[in-house]
Amino acid sequence: MPTLQQLRRKVKSINNITHIIRSMETLSIVKIRAFQDRALRLKPYTQELQRMLENLVAKLPKEYLNHPLLKERDIYNTGILMITSDWGFCGSYNVQILNTVEKFIKENPKKRYSFYPVGINAIKFVKAKNYKVIDSFTHLLDNPDFLQVKRLARSLLRDFLDEKVDEVFVISYDFVNIARQDIIIKRLLPLKPLNITEEKEESFLFLPSPDRIIGPLLENIFETTLYQIFLDASASEQAFRRIAMRRAYDNAQKVYEKLVFQLNQVRQTKITRELLEIISGIETLKEQEVVRIGR
């Protein structure tokens with residue numbers, strides 16, 4: 001059985017750990033509120049851009065559908081943008097992403113893949129699997145910044161236009177609410193939406209000409225969509241971390257209570273033993289006194 005001193009050290013350690021976990025949970029709650037607000041405020045704008053893109057593709061004159069960012073081409077190399085966290089303590093957040101990537105590859109074994117891992121966990125994963133990596137990124141989820149995401153978007157667009165990759169998929173999380181985060185597998189490039197029926201009855205009036213508008217518009221849609229994905233991923237990470245910290249706190253509390261109970265048992269046993277020794281000593285002294293008086 002552990003000594004009283006050992007138990008006291010354990011109780012103190014668990015108590016300190018509990019305070020740290022509690023602080024991390026509180027920090028996650030604060031970050032969730034901030035990222036959730038940014039993600040949900042941007043989402044209507046992103047959805048409207050997506051509807052605009054669908055309408056544009058459906059009604060655009062055929063000659064403009066050959067724009068490099070819209071045109072479908074033979075697929076020789078598929079790029080995968082996989083977004084994980086840089087830090088731990090977020091439950092199954094990273095594991096689910098990595099499992100989804102493996103499942104996606106197994107379901108499409110004939111394709112050639114190139115990776116854009118985001119986050120330390122994703123980078124470790126592709127290195128362990130010896131996958132081809134075009135570029136990697138870290139610390140984008142800490143506090144997603146539009147300019148940083150824009151640089152990543154430009155890198156993806158450049159590689160797509162240079163035909164390093166013929167299509168790009170993203171595997172990440174969609175933040176629905178604080179209690180629900182869904183994994184998404186979404187094709188980012190080419191930008192032409194799948195399963196769109198072309199409708200030529202109506203047409204847009206472009207001022208200035210389509211040649212000057214379509215390119216910047218498509219780039220803006222892509223950059224904003226990617227920024228939305230990173231905001232959702234960041235908010236989802238904090239939601240996972242809050243749940244993980246809550247479970248860790250509850251488990252730490254249970255361990256703390258067991259150790260305190262064990263500590264009290266050992267302390268009570270020690271006190272009882274000392275009392276018995278005192279009583280035994282008193283009885284011995286009494287017996288010796290009786291013997292002395294009898295003499």
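Computed from the coordinates by the stated procedures, all read-outs in this text should not be read as laboratory data. Nothing here was measured: the structure is a model prediction, and the numbers come from that model. Note that each Cβ is placed from the backbone with ideal geometry, even for glycine, and that neighbours are counted across all protein chains shown.
The ranking of HIS19, HIS67 by Cβ neighbour count inside 10 Å, starting from the fewest, reads HIS19, HIS67. As a rough guide to protection, the peptides 20-28, 260-268 ranked by mean Cβ packing within 10 Å, highest first, stand as 20-28, 260-268. Rounded, prolate or oblate: pick one for region 29-150, where a ≥ b ≥ c are the square roots of the eigenvalues of its C-alpha gyration tensor, a/c under 1.5 means rounded, and failing that, prolate if a/b is larger than b/c, else oblate. Cα axes put region 29-150 in the oblate bin.
When LEU60, LEU65 are arranged by Cβ crowding within 10 Å, least crowded first, meaning fewest neighbours, the order is LEU65, LEU60. Partner lysines whose Cα lies under 22 Å from the Cα of LYS254, excluding those fewer than 8 positions away in the same chain, are identified as LYS10, LYS12. Charged side chains reduced to their Cβ positions (Lys and Arg at +1, Asp and Glu at -1) give the chain a dipole of some 1460 debye around its Cα centre.
The spacing between region 154-175 and region 257-286, judged by their C-alpha centroids, is 71 Å. Within the straight-line cut-off of under 17 Å between alpha carbons, the aspartates and glutamates reachable from LYS103 are ASP182, sequence neighbours fewer than 8 places apart in one chain being disregarded.
Taking the number of Cβ atoms within 10 Å of each Cβ as an exposure proxy, the fewest-first ranking of LEU207, LEU98, LEU231 is LEU207, LEU98, LEU231. Residues of region 80-100 with an amide N closer than 15 Å to a point placed 7 Å from the Cα of ALA128 along the Cα-to-Cβ direction: 84-89, 92-100.
Rounded to two decimals, what ratio of Rg to Rh does region 27-244 give with C-alpha atoms and a Kirkwood Rh? Ratio of gyration radius to Kirkwood radius: 0.98.
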